[in-house]
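Novice: Dropping the structure in here first, questions after.
The values are calculated or read from the model by the stated rules, or taken from the named source; none is laboratory data. All of these numbers come straight from a predicted model, not from anything done at the bench. With ideal geometry, Cβ positions are generated from the backbone for all residues, glycine too; neighbour counts draw on all protein chains shown.
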Amino acid sequence: MPELRVLVVDDEADIRATVTAMLEIEGYDVDEAANGADALHAIEEHAPDLILLDMRMPILDGWGFASELRRRGHRTPIVVMTAARDAARWASEIAASAFVAKPFGLDDLITAVERARLQP
Amino acid sequence: MTALELISLVTQVLFVGLFVAVLWHAIRHPTRARTDTALLFGSIVAVVVLSRAFQWLGVAEQPWAVGVLLLTLNVAPYAMIRLVDDFSGTAAWVRVAGAAALVVIGLISLVGFATAPVIVEIATIVWFLAVGGYAAIAFAREARRTRGITRRRMAAVAIGAALFIAAIVLVFLGALASNDTVMLSVLTQLFALAAVLAFFLGFAPPSWIRRAWREPDLRAFLERSVHLTGVADDRQAIADLQRAAADTFGASGAAIGIADPDRPVLRYVGRDGEWVEYPNDAFVGGRTFQAQHRMVVMDAVGADPDNAAAYERAGAHTVIAAPVSAEGRRIGVLTVYADRAPIFIEDDLWLLELLADQTAVLLEARALTTQASELRGREEAARLKEEFLSAAAHDLRTPLTVVLGQAELIERRLLRDPSAPVDPAGIARMAREARHLRDLVSELLDAQRLEQGLTVMELAPADLGSIVEAVRARHADHGVPLVLDGPDEALVASVDRPRLEQVIENLLENAYKYGADDKPPALRIWQEGAEARIAVVDHGAGIADGERERIFERFYRAPRARGITDTGMGLGLYICRRIVEEHGGRIWAERTPTGGATFVIALALEPEAPSEFVRHAHEAPTWPSTAGNEAVADA
């Protein structure tokens, strides 16, 4: 399996650190961003293969980030990662490839990431 | 036929028509007043008919014929005295004297005209002026006392009586003058015509005039009562409606009984403004409610002797009542009391039924408004609860994600390599988020227990200053100094110390969270009357006007809190409020004069502070106290 660069976007530092560690132990290459605005910078610098995106964030939220990302012409698959009950609806709103609802374990996370990666 | 004769003929026809109308009423619904009205116009019509008959028979000039006409005519002022008695009551001697004088003047007219016509004519003028004048003035006085349509009708009766008397007096003055005075005849005929028209308006007004006359009353009632649909207190609304109804009638009082859907009672608003219940068949109101038909009781004390005292207290001589119902539903009953009998009862009943209908509409509108706002309140509560549950679930899932993720990481690492080193940072994250979870759960449980009244406060006298100081001391290492501004003497109140500390702690945490970064919050404590006040002051963005009360509601999250991720369940201020309320105190938010929010707790002081708390007496600082106060304690 080729190495995959994943960008983790979440305003909670503990969540970011935990998700990063979960992905790294499975061999992914991970970058972090604390909100949508930081994530847009990270996209240009690191060109990730996949984005794990929290939706409710200060400064620029998941919706704002996703539409700006598409406007700039990036086709990077997104996995929505939220504690809200509306995970599925929000995922379809921003045309995400998959979603994973908090709280999730390692297997849930990896399954969602791999599904998004394998989607055409 | 001359114009004068035509006017005379019209006047006479009108008097006959009026007589027929009042006679018809008197026969159909006989009352004393109606009979006396028939007597008044009967005497006038008799004069008209007899004088025509005498002329036709050629005996008009005969003294006996003139005597008969005079006798008949003189009955009219006597009938007026009787009407005055019917409408407003007269002294007994007036009635007796009137009857005696009628006999005397009748005899003089009958036997004296042939010998001394001038004396008879003068006697008639005096009789009309004295008796008729008295009646006209009494009618006018009655008109001023009453209101609405009754007032207008009484005024018309008074004007009619005065014009009629003037016309008759002019006739006899003309006879006395004995020369041909056309002016006098014209005036007489015009007065007579005006008199009969006024009498028509007073005693038998056409229905379109009645409607026009009633309209202002009804409009005034509606204008006064339409706002009552929005009055929150039922008792207040009903008391106001009652007053409006009583004023519309000029009655001494009105009562609205509201039927209870489950029990056989009618609820009234008593004189003290509180609800009073009576069986739903008690009083005239109860009987009307049972019969579902309007009721008139001329002598309430006589008709319902068991409740005589109550009627007398209410000044209720005559009672009229109508059921209040809408679409066949029995809502209640409207009762109006008067200290005397109504003059034109059909008008009062008509108005009463209209008011009863309007009352039904207003009460229905009130019920609907209340229902709608209750429904809105329930919907709002359900929405808040839904929002809260969703937010609470979100708040719990976030730390749980860290705990679960970190735990599985440790598990996975150990599975791959049992001797793998521990990850101190990961374990610290897990512990931190687990503690956060514990705090959230205890906040939830706290709110739940307070809501259900399961939390028992252990109250003991304590110096509030020392409690505030203890909280301040815990925040002494917060980086920025925390100011405590308080009096020197102990302010002792009966409190559950840990709970009160929890409240101040919570307010202080909010003050740090929402306050200005460069300006620390301040703590103040002072005395105001019999209360101690504790204030937590921040200099942040403050709270919007509409939010200051709502932030203490359970499940309510102010917009300013929604954007901050590091919040609790949004139950903190609700818990604070409930704890303070359990102390019998109050808590509120106000604007910090220099910007920001100030939360104030008010607690009743112990009337006599136990001696162990008494420090040296010192003047308490006045609020709002500012920097430079001598009692400022630096952190």
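Novice: When the residues of the range A:60-83 are narrowed to those that are under 11 Å from the mean Cα position of the chain (by Cα) and at the interface with another protein chain (Cβ under 10 Å from one of its Cβ atoms), which ends up surrounded by the most Cβ atoms within 10 Å (Cβ to Cβ)?
Specialist: Filtering the range A:60-83 for residues that are under 11 Å from the mean Cα position of the chain (by Cα) and at the interface with another protein chain (Cβ under 10 Å from one of its Cβ atoms), the one surrounded by the most Cβ atoms within 10 Å (Cβ to Cβ) comes out as A:Met81.
Novice: Spot the failing condition for A:Glu44; the list is (1) of a type in the set (D, E, K, R); (2) modelled with pLDDT under 90; (3) within 14 Å of the chain's Cα centre (by Cα), and only one is missed.
Specialist: For A:Glu44, the failing item is (3).
Novice: Quick check: is even one residue across the range A:84-99 among the aliphatic types (A, V, I, L, M), assigned to a strand (DSSP E or B), within 14 Å of another protein chain (Cβ to nearest Cβ) and closer than 21 Å to A:Arg5 by Cβ?
Specialist: no
Novice: Can you find, within the range B:395-423, the residue that is modelled with the lowest pLDDT among those that are under 24 Å from B:Leu444 (Cα atoms) and touching a Lys or Arg at 6+ places or on another chain (Cβ under 8 Å)?
Specialist: B:Thr398
Novice: Something else: Which of the residues spanning the range B:292-328 are surrounded by fewer than 22 Cβ atoms within 10 Å (Cβ to Cβ), touching a residue at least 12 places away in the same chain (Cβ under 8 Å) and in a helix (DSSP H, G or I)?
Specialist: Once the filter is applied, which keeps residues that are surrounded by fewer than 22 Cβ atoms within 10 Å (Cβ to Cβ), touching a residue at least 12 places away in the same chain (Cβ under 8 Å) and in a helix (DSSP H, G or I), the range B:292-328 yields B:Val301, B:Ala303, B:Asn307, B:Ala310.
Novice: Considering only residues that are more than 14 Å from chain A (Cβ to nearest Cβ), buried (at least 19 other Cβ atoms within 10 Å of the Cβ) and of a type in the set (S, T, N, Q), which ones fall in the range B:355-404?
Specialist: Once the filter is applied, which keeps residues that are more than 14 Å from chain A (Cβ to nearest Cβ), buried (at least 19 other Cβ atoms within 10 Å of the Cβ) and of a type in the set (S, T, N, Q), the range B:355-404 yields B:Gln358, B:Thr359.
Novice: For the range A:1-59, list the strands (runs of 3 or more DSSP E) that sit wholly inside it and hold at least 1 residues that are surrounded by fewer than 19 Cβ atoms within 10 Å (Cβ to Cβ) and away from every other protein chain (no Cβ under 14 Å); which are they?
Specialist: Strands (runs of 3 or more DSSP E) meeting the threshold: A:5-9, A:29-33.
Novice: Taking the range B:413-439 on its own, how many of its residues are assigned to a helix (DSSP H, G or I) and touching a helix residue (DSSP H, G or I) at 6+ places or on another chain (Cβ under 6 Å)? Steps first, answer last, please.
Specialist: At the first step, the residues of the range B:413-439 found to be assigned to a helix (DSSP H, G or I) are B:413-416, B:424-439.
From what's left, touching a helix residue (DSSP H, G or I) at 6+ places or on another chain (Cβ under 6 Å): B:426, B:429-430, B:433-434, B:436-437.
So the answer is 7.
Novice: Follow-up question, since we're still on this one. Restricting the search to the range B:240-252, which residues are within 14 Å of the chain's Cα centre (by Cα) and closer than 16 Å to B:Val284 by Cβ?
Specialist: Hits for the range B:240-252 are B:Gln242, B:Ala245, B:Ala246.
Residue by residue, here is whether (1) free of Cβ contacts under 8 Å to residues at least 12 places away in the same chain; (2) at positive phi; (3) hydrophobic (A, V, I, L, M, F, W, C) holds:
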residue: B:Ala232; (1), (2), (3): yes, no, yes
residue: B:Leu241; (1), (2), (3): no, no, yes
residue: B:Phe249; (1), (2), (3): no, no, yes
residue: B:Ala259; (1), (2), (3): no, no, yes
residue: B:Asp272; (1), (2), (3): yes, no, no
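Novice: Oh, and also: Kindly indicate whether A:Pro103 is surrounded by fewer than 20 Cβ atoms within 10 Å (Cβ to Cβ) and within 11 Å of another protein chain (Cβ to nearest Cβ).
Specialist: Criteria met by A:Pro103.
Novice: If you don't mind, another one. Enumerate the pairs (first residue in the range B:341-362 and closer than 20 Å to B:Ala239 by Cβ; second residue anywhere and among the basic types (Lys, Arg) and not in a helix (DSSP H, G or I)) with beta-carbon separation below 7 Å, excluding pairs fewer than 6 apart on the same chain, so at least 6 apart or on different chains.
Specialist: Taking only residues 6 or more apart or on different chains, the pairs are B:Leu352/B:Arg294.
Novice: Another question, then. Quick check on B:Leu241: is it buried (at least 20 other Cβ atoms within 10 Å of the Cβ), in contact with a helix residue (DSSP H, G or I) (Cβ under 7 Å, 6 or more places away or on another chain), among the hydrophobic types (A, V, I, L, M, F, W, C) and in a strand (DSSP E or B)?
Specialist: no
Novice: In the list B:Ala420, B:Ala431, B:Ala476, which residue meets the criterion of being in contact (Cβ under 8 Å) with a residue 24 or more places away in the chain and surrounded by fewer than 16 Cβ atoms within 10 Å (Cβ to Cβ)?
Specialist: B:Ala476
Novice: Filter the range A:6-31 down to the residues that are in contact (Cβ under 8 Å) with a residue 24 or more places away in the chain, within 15 Å of A:Leu109 (Cα to Cα) and not β-branched (Val, Ile, Thr) and list them by number.
Specialist: Of everything in the range A:6-31, those that are in contact (Cβ under 8 Å) with a residue 24 or more places away in the chain, within 15 Å of A:Leu109 (Cα to Cα) and not β-branched (Val, Ile, Thr) turn out to be A:Leu7, A:Asp10, A:Met22, A:Leu23, A:Glu26, A:Gly27, A:Tyr28, A:Asp29.
Novice: State all residues of the range B:221-270 that are modelled with pLDDT of 85 or more, more than 28 Å from B:Ser373 (Cβ to Cβ) and hydrophobic (A, V, I, L, M, F, W, C); if no residue qualifies, say none.
Specialist: Hit for the range B:221-270 is B:Ala246, nothing else.
Novice: Something else: Restrict the check to the range B:80-99 and report whether at least one residue is over 30 Å from B:His317 (Cα atoms), crowded, with 20+ Cβ neighbours inside 10 Å and touching a residue at least 40 places away in the same chain (Cβ under 8 Å).
Specialist: Checked the range B:80-99: no residue is over 30 Å from B:His317 (Cα atoms), crowded, with 20+ Cβ neighbours inside 10 Å and touching a residue at least 40 places away in the same chain (Cβ under 8 Å).
Novice: Could you run through the range B:500-543 and say how many residues are in a helix (DSSP H, G or I), modelled with pLDDT under 90 and buried (at least 22 other Cβ atoms within 10 Å of the Cβ)?
Specialist: 3
Novice: Which residues, counting only those in the range B:100-120, are part of a loop (DSSP other than H, G, I, E, B) and in contact (Cβ under 8 Å) with a residue 40 or more places away in the chain?
Specialist: Selection gives B:Phe113, B:Ala114.
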